[in-house]
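Values quoted throughout were computed directly from the atomic coordinates according to the rules given, and no laboratory measurement underlies them. Model, not experiment: these values are computed from the prediction. Don't worry about glycine lacking a Cβ; one is built from the backbone with ideal geometry, like all the others, and counts go over all protein chains shown.
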Amino acid sequence: MGDIRTALVTGATSGLGRAAAGHLAATGQWRLLLGARDAARGAAVAAELGPLAEVVDLDLASLGAVRAAAARVAAGEPLDALVLNAGVQLPVADEASADGHELTFAVNHLAHFLLTVELLPHLAPGARVVVVGSGTHWGTWRKSGPFPAPRWADPRELARPRRESGQRAYATSKLANVLFGAELARRHPEVDVAVFDPGLVPGTGLHHRYPAPARAVYTGLAPLLARLPFASGVDEAAARLAAAVTGPPGTSGRYLERGVEAPSSPDSRDPGRARELWEASLELTRPQTSAS
């Protein structure tokens, strides 16, 4: 068992995370901790992947649940890889997490930030942290298509539920992911950080929270979208994500566009903004104390 490495994958029961976990399991070299909000669904995936897969109960919509999951993981073997893959996209950014934060920002950024900070002492030397980003953080037609551009603001404002396009909130959360990856690499040179942009992957089911008519339209368009030059099938994108986990080290904080190192957006390369996001995220994820 000395050659077996351990990886925690969030969002591992469906879409890109499930397929990437399958690629890692197929190597026979990885013990997989499958972050899952639905324990029964997680158990079914673990059974499919084999004896080296197990479920970690992980509800990213609750910071308390994230801390509890991190504590359980830290009681086991050190992690060689942390794959921050889970994400949500909502029609409107007015839904709150268990902690009162806007749900997209809470799940896509704050929960993964907290999970990483909590697990930093438990990472093996040279461990790989892969943050799954998105080309939507660019906000340009060439990189994002018709997706609305991010609207950056004070992170405390971004954490407030509001009547704003859910797609815009998603793009903003993906900008936060890239900024977080860069700042993590700067503050913690002992880990190897990569931000992975899978490109457009129509088959992941990310739109499942949308109303039925919108889901039907998107499902109907998916085969056409898959033919676009910046699109990939789920298995193809998952193979690239698995390669980002297992590949040789590179410059920590690198941005991998469909598996190839490339520049991220100019806005994502602002070190002052990255520092501000880190400090605000520490504040936003701090345990709340009751007033005396």
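Binning every alpha carbon pair distance of the chain at 10 Å from zero, what are the percents per bin?
7, 30, 39, 21, 3, 0
Can you tell me the order of 127-134, 182-189, 279-286 when each peptide is scored by its average per-residue count of other Cβ atoms within 10 angstrom, highest first?
Packing order, densest peptide first, comes out as 127-134, 182-189, 279-286.
Using mean Cβ contacts within 10 Å as the protection proxy, how do 79-89, 17-27, 243-253 order, highest first?
Peptide ranking by packing, descending: 79-89, 17-27, 243-253.
If you average 1/r across every pair of different Cα atoms in region 1-155 and take the reciprocal, what Kirkwood value do you get, in Å?
16.3 Å
Round to a whole angstrom and tell me the spacing of the C-alpha centers of region 243-257 and region 50-110.
Centre-to-centre distance over Cα atoms comes out at 22 Å.
Report the antiparallel proportion of the DSSP beta bridges in the chain as a percent, rounded to a multiple of 5. Before the final figure, lay out each step's value.
Details: 4 of 32 bridges.
Here the share of antiparallel DSSP bridges comes out near 10 percent.
Expressed as a rounded percentage, what relative contact order does the chain have, with Cα pairs under 8 Å and six or more residues apart?
19 percent
May I ask for the distance between the Cα centers of region 111-185 and region 1-44, given as a whole number of Å?
Their Cα centres are 22 Å away from one another.
Taking only the alpha carbons of region 46-87, what extent do you get along each of the three principal axes, in Å, biggest first?
Result for region 46-87: principal-axis Cα extents of 29, 23, 16 Å.
Work through the residues other than residue 24 whose Cβ is under 12 Å from its Cβ and net out their charges, Lys, Arg +1 and Asp, Glu -1.
Working: positive: 5, 18, 31, 128; negative: 80.
Here the count lands on +3.
Between residue 288 and residue 141, what is the FRET efficiency for a Förster distance of 41 Å, r being their Cβ-Cβ separation, to the nearest 0.05?
E(calc), rounded to 0.05, equals 0.50.
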